[in-house]
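Beneath this line is the structure, given in structure tokens, with notes to follow.
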Number of protein chains: 2
Amino acid sequence: MAAFVPAVAAVGARSSAWTAPAATGASRLPTAAARSARASVPAGLTMAATKVGNVAEEKLKSADFDTKVFVKEQVNLADTSEYIVRGGRDVMTRLPKAFAGVKSVGVIGWGSQGPAQAQNLRDSFADFGVDAKVTIGLRAGSASEKAAMAQGFSHEDGTLGEMYDVIRQSDFVVLLISDGATAMCYKKVLDAMKPGSTLGLSHGFLLGHMDATGDTFRDDVNVILVAPKGMGPSVRRLYVQGKTQNGAGINCSFAVQQDATGTATDLAIGWAVAIGAPFSFQTTLRNEYRSDIYGERGILLGAVHGIVESLYRRYTFEGMSEEQAFVHSVESITGPISRTISKRGIKAVYDDLPDDAARATFAKAYTASYKPAFDIMIECYEDVECGNEIRSVINANLRYGRLPMGKIDGTRMWVVGKDVRAKRVEADIPVDPFTAGVYIATMMAQIDVLMEKGHVLSEIINESVIESVDSLNPYMHARGVAYMVDNCSITAASGSRKWAPRFDYNLTQQSYVAIDNGEALDAGLIDAFVNHKIHPAVVECAKLRPSVDIALSGSVADDAARSTMMSA
Amino acid sequence: MAAFVPAVAAVGARSSAWTAPAATGASRLPTAAARSARASVPAGLTMAATKVGNVAEEKLKSADFDTKVFVKEQVNLADTSEYIVRGGRDVMTRLPKAFAGVKSVGVIGWGSQGPAQAQNLRDSFADFGVDAKVTIGLRAGSASEKAAMAQGFSHEDGTLGEMYDVIRQSDFVVLLISDGATAMCYKKVLDAMKPGSTLGLSHGFLLGHMDATGDTFRDDVNVILVAPKGMGPSVRRLYVQGKTQNGAGINCSFAVQQDATGTATDLAIGWAVAIGAPFSFQTTLRNEYRSDIYGERGILLGAVHGIVESLYRRYTFEGMSEEQAFVHSVESITGPISRTISKRGIKAVYDDLPDDAARATFAKAYTASYKPAFDIMIECYEDVECGNEIRSVINANLRYGRLPMGKIDGTRMWVVGKDVRAKRVEADIPVDPFTAGVYIATMMAQIDVLMEKGHVLSEIINESVIESVDSLNPYMHARGVAYMVDNCSITAASGSRKWAPRFDYNLTQQSYVAIDNGEALDAGLIDAFVNHKIHPAVVECAKLRPSVDIALSGSVADDAARSTMMSA
């Protein structure tokens, strides 16, 4: 096998992707190197920041993996390459080998992911001869017992029990309770686990919490992650479709944090394949929680909310009717812009603009918005990286009993939106070039921060592009901003509330003011955009999309998801 | 001396002040006790929050003090009492005793507080026979050398030197460099200090940073704080006036974090008296940084900014002209509302309303705004308490070389404001009852959070009321929001940018929506407001105001302060 050094390749590539143009433009953001020379703090003194998981370490861990059971395939994304594993019914024949030694799987929690993963595992085990029992573990007296029983789990046959009892007897514990609850009870969970057993997580949040508090996992258990790129109900629905329709399913990232038994990697990939992932990408727990928590505060939820609030206000102030302002802000993003990005990549939105005037408007909006968006993006990333966001989420969880989260879609704009949606003719929704410029500048800023912080391209593209246009914007398109934000986890919904107004203010105070004042804008930023290496990589990643889109009901009656919380 | 147990008294009092009305109202915020019963996290599991300085510990430390040199006086604030020390020229005769053993004072830094405190100390020492030399310590090659020399400090007579040289030879090190720089170099500063010498701080930020990183002070030095309640130039100007005009000066809080020599309390009070504090109040370093960093993100800067943005938008949307909207939002708060609160307390604004209709408007705005404001206030406090804000500020400091803070007053609203100010007839500015309701609800929410968190009333009133109406709103009144926010420290200016939009969104999404939808509002909140124990305490504290107001130049030419940063 050829030597594989994506870390080095990507670092070089990153420079050329967006910091290199600084050499030709006047007002481009200076590089980190230039910054340290300018910083007013005494040289040689370092800040007390994250002491764990620096970029190079995390990148190295996610660069390659060994599998004895599955077949890894190399994909080339721009000037880097990564390994992925293809799933599907034919690959599931390998599951008995991947789960060798695992006789009991305890799925803890019955929220969004719990029902989906438990049922998918049970079905895959039965269909492909894995000799392991799937048991649901719940808090004593949990209101979810009935729901689990309705899906065929029962106390009588030992497939339903008290969570710590289940943990004590499981070879593989799949912990799918909420982030806040996980942070509260993880010590007790770890204490209850058998030596040599495996802890499975679908979000790196717990490691983030442990990083922030200086804790570590006991070293005699495996710790692995499989993070499906969609909410639980989709993980179940597409798995069922995948039984007959090749390639249906939800892609997953996977990670091995600790391999006590030497079998953790194949168990992680086996878990992803068993719940129906058509493709699995490697990451690390640390990079997963960083990119996930950051991404949902950014373009996935918070940033797109702040953007449309600021644009709606701007358009109505400029004299557009309220309905038209909603169409040119929200509808334009959640409709044609998202569809174009999903099918043909980010740059296609720009390439499709009808004339020079539209391209000039896009360029003006893009160049004025990129830096103010980047400013908030990097602040957000560094707040996640140093543990602040995790601590804030845990503190917020303790307050919600007393101070529940407020409603975000009661304002006039979202009332107007309801009417607009009712009258919508999908084909008539325009691509507003100003809106496209602001939205895409913010998306690119998110991407550039992740590249600067050393994430692999598959993760960057999933957390900044694919989840946005394929999974989340369709929710806002269907029923407004709260339907998108509040169908996500508490971690995501609280973070979106926190960061949306920051993007709004920075755009309003800086981008739009610069435009209205006719300030000279940095044309180099548009060159950097047009030539950005992410574009071919997005198109490449799109080839790894499942063959069936995440289904989204338009009806309120089917809105069970609202209370179950998705994994974004 | 009678037993003094303010901690118990205040906790009982707090309940009756605003949580008790919950018994008679339907939708009042439940108490913390009720919350823990309702919280969805498993009982008995505690969060990993601040491990240092809980409320009771901090309160006990700030409750009383022993002074061998000065006279402490008891002041009764509502149902609690505190001790204060009166300053002034006649008290300065005690300085030689307070500074006994201190032969060399090194003032490190020449920003806002440095020039003021160094000159005041030098003058007081000369006038009252303190046998100690004041020396300025600066980084080698500092651009501030010339400014220090212009005030009579020089290398030749040993009153100006390289900062670590000065620290090594000082008995008392007054460290007045920026928060970010302090966090970077404090280890080297501590290493350079003589055993038995004293570290003086004017902000508890450093302890906050050390709390967040798990560090502690070496135990063979004193660590004390004197925090003037005004920017450096005012500390100097009013000190000079105080030489001839009795009672002119800036009040200070003081604290003793470590008393290695047994003389730390009197040295702290002596320092406050020597720089001209007419009154000094005790706090702790921890409560100082918590209330200070929180307060400036709240009503002092961030909250008032978010409030006026949201109100201006609301009023223009409702059909007011842009100029009138500015008058009814910003001008109303920074003019008559602030003046009334300053002279006669918070409730006087309500009492002065002309008729029932105005009181009803106030009550509607107040009751709809209190809870959404409280929600952000307590999130902000807990982010300060757990170290998040400190970490964010330090991270932000490292980014500013590359990404400077953006301008906040380029938007249309603040351009309009400039015209409004130019035409202003002070006496014609109305008290808008809706604006008053929103502003005062937010101020009361800030006060209630500080009471819940166990701060003493003098500190609460200084950080929530006096600094707001006497020291900061006058800046916004003179030249707009940036003149207020960006004349403050980097810590304050970055925090205000972060929290202003949060208040704006919560008010816009919750308060104004509730009002516009005609939702039933909680009249009990107005009763709680009218009967709040803070009102007589504010009036009592107002008696301790210096006899001369902080002077504020209206002219741009005199705007040297802009680059020097005040201490708020």
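The values are calculated or read from the model by the stated rules, or taken from the named source; none is laboratory data. Values in this document were obtained by computation on a predicted structure and should not be read as measured data. Cβ coordinates were reconstructed from backbone atoms using ideal geometry, including for glycine residues, and neighbour counts include every protein chain displayed. Protein only, heavy atoms only, side chains kept; ligands, DNA and RNA dropped before computing areas. Shrake-Rupley method; radii C 1.70, N 1.55, O 1.52, S 1.80 Å.
A few remarks follow.
- Local net charge near A:G152, Cβ-Cβ under 14 Å (Lys/Arg +1, Asp/Glu -1): 0
- 3J(HN,Hα) along region B:357-363, derived from phi through the Karplus expression 6.51 cos²θ - 1.76 cosθ + 1.60 where θ = phi - 60°, amounts to 4, 5, 5, 5, 5, 4, 4 Hz, with x in place of Gly and Pro.
- Whether region B:61-282 is rounded, prolate or oblate, judged on the alpha carbon gyration tensor where a/c under 1.5 counts as rounded: oblate
- Neighbour net charge for A:K97 - beta-carbon separation under 10 angstrom, K R +1, D E -1: +1
- For B:K146, A:K194, A:K418, A:K229, the ranking by accessible surface with the largest value first comes to B:K146, A:K418, A:K194, A:K229, using a 1.4 Å probe.
- Rounded percent of accessible protein surface that carbon and sulfur make up, region A:160-270, 1.4 Å probe: 47
- Distances between copies of A:V530, taken at a point 7 Å out from Cα along the Cα→Cβ vector and listed shortest first: 6.8 nm.
- Each helix, a run of at least 4 DSSP H residues, gives -39500 (n - 2.57); summed and divided by the residues of chain A, these come to -14500 deg cm²/dmol at 222 nm.
- Counted over the protein assembly as shown with a bin width of 20 Å, the fraction of Cα pairs per bin, in whole percents, is 12, 41, 35, 12, 1.
- Threshold 30 Å², region A:491-537 residues less accessible with all protein chains present than alone (1.4 Å probe): A:K498, A:P501, A:R502, A:Y505, A:Q509, A:Q510, A:V513
- Restriction of the GluC sites (Glu not before Pro) in region B:115-192 to DSSP coil positions whose beta-carbon has at most 10 other beta-carbons within 10 angstrom yields B:E156.
- Computed from Cα atoms, the angle from the helix A:113-128 axis to the main principal axis of chain A rounds to 50 degrees.
- Mean per-residue shielding of peptide A:382-395 is 5, counting Cβ atoms of other chains within 10 Å of each Cβ.
- Across peptide A:406-412, the average count of Cβ atoms from other chains found within 10 Å of a residue's Cβ is 6.
- Highest to lowest packing among A:448-457, B:61-70, scored as the average C-beta count within 10 Å: A:448-457, B:61-70
- Cα gyration tensor shape for region A:214-321, rounded if a/c is under 1.5, else prolate or oblate: oblate
- 10 Å Cβ neighbours from other chains, averaged over peptide A:291-302: 0
- Each Cα pair under 8 Å and six or more residues apart adds its sequence gap; the mean of these over the residue count of region B:61-282 is a relative contact order of 25 percent.
- A 1.4 Å probe run over region B:313-435, with the rest of the protein chains in place, finds 36 Å² accessible per residue.
- Region A:71-114 shape via C-alpha gyration tensor axes, a/c threshold 1.5: oblate
- Divided by 2.2 N^0.38 Å, where N counts the residues, the Cα radius of gyration of region B:295-531 comes to 0.96.
- Total accessible area lost when A and B pair, probe 1.4 Å, Å² to nearest 100: 5600
- DSSP bridge pairs, region A:61-282: antiparallel proportion in percent, nearest 5: 40
- Over region A:61-282, accessible surface divided per residue gives 35 Å², non-protein components excluded, 1.4 Å probe.
- DSSP beta bridge pairing in the protein assembly as shown, given as percent antiparallel to the nearest 5: 40
- With every protein chain in place, region A:295-531: carbon and sulfur % of accessible area (1.4 Å): 53
- In Å², nearest 10: area of A:R139 left accessible to a 1.4 Å probe: 150
- Residues whose amide H lies under 5 Å from that of A:Q258, counting only those 5 or more places away or on a different chain, are A:V223; hydrogens are built 1.01 Å from N in the peptide plane.
- Expressed as a whole percent, the accessible area of region A:71-132 that falls on carbon and sulfur atoms is 50 (1.4 Å probe).
- Order by protection proxy (mean Cβ within 10 Å, highest first), peptides B:325-333, A:354-362: B:325-333, A:354-362
- Nearest-10 value in Å² for the accessible area of B:T316, using the 1.4 Å probe: 40
- The C-alpha atoms of chain A define a longest principal axis, and helix A:302-317 lies at about 30 degrees to it.
- Each peptide in A:476-486, A:461-471, A:212-222, A:91-101 gets a packing score, the mean of other Cβ atoms within 10 Å over its residues, and the list from highest to lowest is A:461-471, A:476-486, A:91-101, A:212-222.
- With DNA, RNA and ligands ignored, accessible area of A:F317 (1.4 Å probe; Å², nearest 10): 140
- Rounded to 10°, Cα long-axis angle of helix A:412-422 versus longest principal axis of chain A: 80
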